[in-house]
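Below is one structure, written out as structure tokens; the observations come after it.
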Amino acid sequence: MGTFLFDKIIFGPVKSRRLGVSLGINLLPGRKKVCNFNCIYCECGWSQSIDSEGGYLPQRSEVYEALASRLQEMKVKDQKPDVITFAGNGEPTLHPDFRGIIDDSIILRNKFFPDAKIAVLSNSTNISNPAVKDALLKVDMNILKLDSAFDLTVKIHNQPRVNVRVDELIENLKKFDGKLIIQTLFLRGISNGKQIDNTTPEEINAWLAALEKIKPEEVMIYTFSRDTPDGSLLKKVPVEELRQIALKVERLGIRTQVSG
Ligand code: SF4
């Protein structure tokens, strides 16, 4: 069972596989995961209701103070982050003040480390919300999840707790006009007694067709790296296979990043 949870609003900086030196921002409760997906590979463990005990979300002013103070400290120590990343214990766009917090973080980034990028790691479920979309369009790395082009696979891999239809999701991803990065986690194994694999030719072909429509600036291709809540029956996809998948994406004229 994965229990990799953050207990503070600001964490790190950490050396991220995909982002470099990353200062993290957790807009969800400390030590509790809140997400409208419940991915079988989530390193934070299984999702909990925001209403259950300990579901306090940090206020916008608290996030501002915590980020300002940490960036000031890093400035004094000459510790430059490559990226300021909204990630943490679940889905950051669920925070009701997400847009305002993004505006604040851009102001603070410009003040302390103007060369650092701002990244959001999101599961894509809230991108039809105008305030969320508006905020995502302001950040440097708008990293949105698409693990499969098939509804059934998304249902098994991501276990959405909201209604998700992949055709609608693809239409909404297209509306970013290329100002987005797609993140796709590949895995195989057994989940709930069923064989699963989002690297089959059928899966890859449908996913490539979706990427052709979405036209992202980049695709992050990776597999899980920490314990998963679903236990040991899930298997990582070897990095060489991930590279083969990346080659197919690059043939579409889309750059890739692979991390195994
Ligand atoms: S979307 Fe992210 S935070 Fe939510 S369950 Fe999936 S991996 Fe975990």
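The values are calculated or read from the model by the stated rules, or taken from the named source; none is laboratory data. Computed from a predicted model, the values in this text were never measured in an experiment. Positions of Cβ are backbone-derived with ideal geometry, glycine not excepted, and every protein chain shown enters the neighbour counts. The area values use the complete protein model at the heavy-atom level, side chains included, leaving out ligands, DNA and RNA. Shrake-Rupley method; radii C 1.70, N 1.55, O 1.52, S 1.80 Å.
Is there a residue in segment 138-156 that is open to solvent by 10 Å² or more (accessible area, probe 1.4 Å) and under 18 Å from residue 242 (Cα atoms)? Yes, segment 138-156 contains at least one residue that is open to solvent by 10 Å² or more (accessible area, probe 1.4 Å) and under 18 Å from residue 242 (Cα atoms). Just one of the numbered conditions (1) open to solvent by less than 60 Å² (accessible area, probe 1.4 Å); (2) touching a Lys or Arg at 6+ places or on another chain (Cβ under 7 Å) is not true of residue 6: (2).
Here segment 89-111 is the region considered, the condition is being in contact with a strand residue (DSSP E or B) (Cβ under 8 Å, 6 or more places away or on another chain) and small (Gly, Ala, Ser), and the residue that is farthest from the ligand (Cβ to nearest atom) is 105. Among the residues in segment 125-134, are any open to solvent by 10 Å² or more (accessible area, probe 1.4 Å) and closer than 20 Å to residue 20 by Cα? Checked segment 125-134: no residue is open to solvent by 10 Å² or more (accessible area, probe 1.4 Å) and closer than 20 Å to residue 20 by Cα. All of 165, 161, 99, 109 fail the test of being modelled with pLDDT under 95, of a type outside the set (A, V, I, L, M, F, W, C) and open to solvent by 20 Å² or more (accessible area, probe 1.4 Å), apart from 161.
The condition (being away from the ligand (no atom under 16 Å from the Cβ) and either open to solvent by less than 10 Å² (accessible area, probe 1.4 Å) or out of contact with any Gly (no Cβ under 9 Å at 6 or more places or on another chain) (or both)) is satisfied by just one residue among 181, 170: 170. For segment 245-260, a residue qualifies if it is in a helix (DSSP H, G or I) and either surrounded by 15 or more Cβ atoms within 10 Å (Cβ to Cβ) or in contact with a helix residue (DSSP H, G or I) (Cβ under 9 Å, 6 or more places away or on another chain) (or both), and the qualifying residues are 245, 246, 248, 249.
For segment 71-88, filtered to residues that are of a type outside the set (A, V, I, L, M, F, W, C) and surrounded by 24 or more Cβ atoms within 10 Å (Cβ to Cβ), the residue that is farthest from the ligand (Cβ to nearest atom) is 81. A Cβ distance below 6 Å, combined with a sequence gap of six or more or placement on separate chains, defines the contacts here; from segment 207-227, residues that are more than 16 Å from residue 248 (Cβ to Cβ) reach residues that are of a type in the set (Lys, Arg) in the pairs 223/236.
Can you say whether residue 151 is over 17 Å from the mean Cα position of the chain (by Cα) and over 16 Å from residue 47 (Cβ atoms), as far as the supplied structure shows?
On the way: over 17 Å from the mean Cα position of the chain (by Cα): yes; over 16 Å from residue 47 (Cβ atoms): yes.
In short, yes.
Among the residues of segment 26-43, are any modelled with pLDDT of 95 or more, open to solvent by less than 30 Å² (accessible area, probe 1.4 Å) and more than 15 Å from the ligand (Cβ to nearest atom)? No: zero hits. Taking the criterion of being surrounded by 14 or more Cβ atoms within 10 Å (Cβ to Cβ) and in a helix (DSSP H, G or I), the residues of segment 209-232 that qualify are 210, 211, 214. Taking the condition touching a residue at least 40 places away in the same chain (Cβ under 8 Å) and β-branched (Val, Ile, Thr), does residue 127 pass? It is true that residue 127 is touching a residue at least 40 places away in the same chain (Cβ under 8 Å) and β-branched (Val, Ile, Thr). Note on segment 184-205: residues that are open to solvent by 10 Å² or more (accessible area, probe 1.4 Å) and among the polar types (S, T, N, Q) total 5. If you go through segment 191-201 and keep only what is more than 15 Å from the ligand (Cβ to nearest atom) and either assigned to a loop (DSSP other than H, G, I, E, B) or within 17 Å of residue 225 (Cβ to Cβ) (or both), you end up with 192, 193, 199, 200.
Table: residues versus (1) closer than 24 Å to residue 140 by Cα; (2) touching a His at 6+ places or on another chain (Cβ under 8 Å); (3) aromatic (Phe, Trp, Tyr).
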site: 188; (1), (2), (3): no, no, no
site: 198; (1), (2), (3): no, yes, no
site: 203; (1), (2), (3): no, no, no
site: 217; (1), (2), (3): yes, no, no
site: 222; (1), (2), (3): yes, no, yes
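Each residue in segment 112-122 was checked for being open to solvent by 10 Å² or more (accessible area, probe 1.4 Å), within 16 Å of the ligand (Cβ to nearest atom) and either part of a loop (DSSP other than H, G, I, E, B) or without any contact (Cβ under 8 Å) to a residue 40 or more places away in the chain (or both), and 0 pass.
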